[in-house]
1. Determine the gain in length on full extension of the stretch residue 57-residue 105; use 0.36 nm per residue of separation and subtract their C-alpha separation, reporting nm with one decimal.
2. 222 nm [θ] for the chain, helices only, -39500 (n - 2.57) per DSSP H run of 4+, per residue, to 500?
3. Give me the distance between the Cα centres of segment 65-105 and segment 26-60, rounded to whole Å.
4. Over the Cα atoms of segment 2-112, each weighted equally, I'd like the Debye log10 I(q)/I(0) at q = 0.14, 0.18, 0.22 Å⁻¹, rounded to two decimals.
5. Given Cα pairs under 8 Å that are at least 6 residues apart, what percent is the relative contact order of the chain?
6. Relative to the longest principal axis of the chain, what angle (0 to 90°, nearest 10) does the C-alpha long axis of helix 91-112 take?
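Nothing in this text is a laboratory measurement; each read-out follows from the coordinates by a stated rule. Since this is a predicted model, take the numbers as computed values, not measurements.
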């Protein structure tokens, strides 16, 4: 389950911050960047692996869905508009740090032209 936390507009990009991980939302996020950036803040990668594994096992049993590991899914996303950070519950602090970093990085990018 993912919970929307915040969003910021930097140049033409919208950056949305979420808490948690939802495989369906991550896989459906456009690779073209038309929906901007999706930043996922998770408490612990180990916890997400366990949650994901449990969900997939249940779907495999009930719906005969295909099963793949959490690490395989992350490595095969192929989406440059998704970022995952381990926040250890410090979401508010991490969001402020990332917003500041994105503002400086995007500005630098355009300033070089």
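1. 13.2 nm
2. After summing the helix terms and dividing by the residues of the chain, the value is -15000 deg cm²/dmol.
3. 9 Å
4. Computed log10 I(q)/I(0) values: -0.62, -0.95, -1.27.
5. Normalised by residue count, the contact order of the chain is 27 percent.
6. So the helix axis and the longest Cα principal axis differ by about 50 degrees.
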